C-alpha cells in the first residue's frame, strides 16, 4: 500500500458515522495535489504529516491572511509579525486535539494506523515529535514557496528498508543545526548526486542524507535522517531502527555558535571524509583575516580595518585613517564574525565633520556593548544596483564554488537584492531577497558575459586563496562567495566581500550557464573518486565500526 511505514500495520480506521469536517476535506485534497496524486488516491501514514501540515497552513491563512501578503511583510524583517505567525501555528497545533484526530480518522481516503491513533487520542499532537516538526515545516511554508517536494515524516525505518531505499555503495551526510529550511537546502544536493551517478555509472553509488546534529548518537551515527527515495520519488524523514554510519559529510548552517559546533563535529567525525574542513571554515568565519589573505593574493576586496574592545574608542579615528577609510564617503560597519547581516549598518562619513565620526564611534560602541568584541569597518562599494520604481537597491552575487583540492569551480549561484527600508544591505535577514538566475535577474541587471566570467573567476580565485593558506588545502569544500560588481569606464571590477564555508541558499541556486536548478555536480564527481580511492586503501570501512563515543 502506498505510503506504508515499515513495522506498522496500516489500513485500520474508526467506523465512519459522520463525514469529516470541511477543513480536513480541504487539507486532504491540498496534500494530494502537493504530492502529485490523482483524485481518489489513498494516503497512508507516510502522508499523514503532509495532511496535518496543510491543515495547519489553512488555519494560519484563515486567521492572518494570504501567504503572499504574509511573505512580503516577513521579508521586511517584521519581527512582530514573525511572533504572531509562530503564535498562530502553536495555537493551531494545540487545536488538533482528540476530537480533531477522530474527525481525521473518518476521512475515507486516509489509512490511519491504529497504534498511532490510540497514541494521538491519549496525548495532544503538539506534545509529540511530529508536532514539533509540523510547526517547523509550516513556518517554512509561511516564509517562502516550497522548492523541494513535500516531506513525508515517517515513524521509523528498519534495516531492510534502509538497504532498499538507500541503495548506494557510500553514504554522504549533510549535517545541519537548524531544522527550519534544512530539507529545502538538502534537496538540490540530492539531485546533483543522483544526476552524476546516472550519467557516469547508470546506478546510484552515493546516498545523500540530511542529519541534524541532535540526530547523531554517541558514535556519531545517524539515528534519524532526511532522504529521497528515487525509486518512488518520495522525500522523507524517518527515525532509524538501527543507527546509520556514513563515510563522508559536509557541514551546513549550524545556527548559533556554529564555529564552535563545527569544530566539535570535526573532532567527533574525525575518521570520515570531511568536506568544508573546519580549518578553512575557521579562517572564513574571521572576515578580517579573510580580507588580509585576499589582499596578499592580489584580489580586490574593500578597504577594511578591525575595531577591537581591547584598543578602546579613543583609537577609532586613528584606525580609520590608517586604513584609508576617512577618505571614503560611506562605510559599512558589522561584526567581524557575524552572519546573515546582523548588526550591519551603512554610515556616511566625512573627515571634516566630527558628527559623522561620532556616529561611527557610537555604532562601534553599541556593537561592543552587545558583546561583539571585534567590529569590522570597511569601504562601501558603489555596486551594480537594481532599479525598482524610484528606488535603486544594492545587489550582491552569491557564487557557489566547489574546491576540488587544486582549483575552484564556480558552477552556480544567485543574486541577493536589498529590500525594505535598507536599500544598501542585501542580506535576507535585513529585508533583502534572494533572486534565482532563472527569474531573469542577470538580464534585468544588464550583466554581460564578460562581467559574469569576471565574477565567477574572482570567486574561484578567492576560494583558492583561503584554501592555499591552510596546510590541508587538498581537502574538498563547498563555499559561498559574496561578490560585488562595480562598473567603471575602464571596465568591470569584482570585489570579494566574504567567503562562507557553510553556504546557505542552495535551494535557490541555479547553474550560471543554463539557469537550471542545481549546485555542484563536480562536487559529487570528486567525492565519489575520493571515496572509491579511500575504499581501495581500506580507509572507508573504518567508519563502519563504532568510534569512541562523545
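Calculated on the Cα set of the stretch 261-330, radius of gyration then Dmax: 17.0, 51 Å. Taking a ≥ b ≥ c as the square roots of the Cα gyration tensor eigenvalues, the stretch 107-198 comes out oblate, since a/c reaches at least 1.5 and a/b does not exceed b/c. By definition, a body whose alpha carbon gyration tensor gives a ≥ b ≥ c is prolate when a/c is 1.5 or more and a/b is larger than b/c, and the stretch 303-379 fits this prolate description. Label-to-label distance for residue 263 and residue 522 is 3.2 nm, based on points extended 7 Å past Cα in the beta-carbon direction.
When only Cα pairs below 8 angstrom with a gap of at least 6 residues are kept, the chain shows a relative contact order of 14 percent. Dividing the summed helix terms, -39500 (n - 2.57) for each DSSP H run of n ≥ 4, by the number of residues in the chain produces a 222 nm estimate of -12000 deg cm²/dmol to the nearest 500. Site pair residue 199 and residue 41 shows an inter-label distance of 2.9 nm when each label is modelled 7 Å from Cα along Cα→Cβ. Just checking my list (i) 91, 50, 44; (ii) 105, 56, 45; (iii) 82, 59, 45 against Cα extents along the principal axes in Å computed from this structure; which label fits? Recomputing Cα extents along the principal axes in Å here gives the entry labelled (iii). For the peptides 272-282, 366-376, 498-508, the ranking by packing is 498-508, 272-282, 366-376, with the highest mean count of neighbouring Cβ atoms within 10 Å listed first. This ranking places 263, 247, 160 by how few other beta-carbon atoms lie within 10 Å of each, fewest first, which gives 160, 263, 247.
Relative to the longest principal axis of the Cα atoms of the chain, the long axis of helix 287-296 makes an angle of roughly 50 degrees.
Taking the C-alpha atoms only, the angle from helix 258-268 to the longest principal axis of the chain is near 60 degrees. Ranked by how many other Cβ atoms sit within 10 Å of their own Cβ, fewest first, the residues 290, 161 fall in the order 161, 290. With both labels modelled 7 Å from their Cα along Cα-to-Cβ, the residue 443 to residue 388 distance reads 1.9 nm. Fully extending the segment from residue 91 to residue 348 would add 88.0 nm, taking 0.36 nm per residue of separation and subtracting the current Cα-Cα distance.
Compute the Cα gyration tensor for the stretch 48-186, then decide on rounded, prolate or oblate, letting a ≥ b ≥ c be the square roots of its eigenvalues: rounded whenever a/c is under 1.5, prolate when a/b is larger than b/c in the other cases, and oblate in all that remain. Oblate, since a/c reaches 1.5 and b/c is not below a/b. Subtracting the Cα-Cα distance of residue 67 and residue 535 from their residue separation scaled by 0.36 nm leaves 163.6 nm. Across the stretch 115-143, the residues whose backbone nitrogen lies under 14 Å from the label position 7 Å along the beta-carbon direction of residue 223 are 129.
Estimated at 0.36 nm per residue, the fully extended path between residue 282 and residue 319 surpasses their Cα-Cα distance by 10.8 nm. Taking the 0 to 90 degree range and rounding to the nearest ten, how far is the long axis of helix 449-469 tilted relative to the main principal axis of the chain, both from C-alpha atoms? With rounding to tens, the tilt is 90 degrees.
Coordinate-derived values only; no laboratory data. Keep in mind that this is a model prediction, so the values were computed, not measured. Positions of Cβ are backbone-derived with ideal geometry, glycine not excepted, and every protein chain shown enters the neighbour counts.
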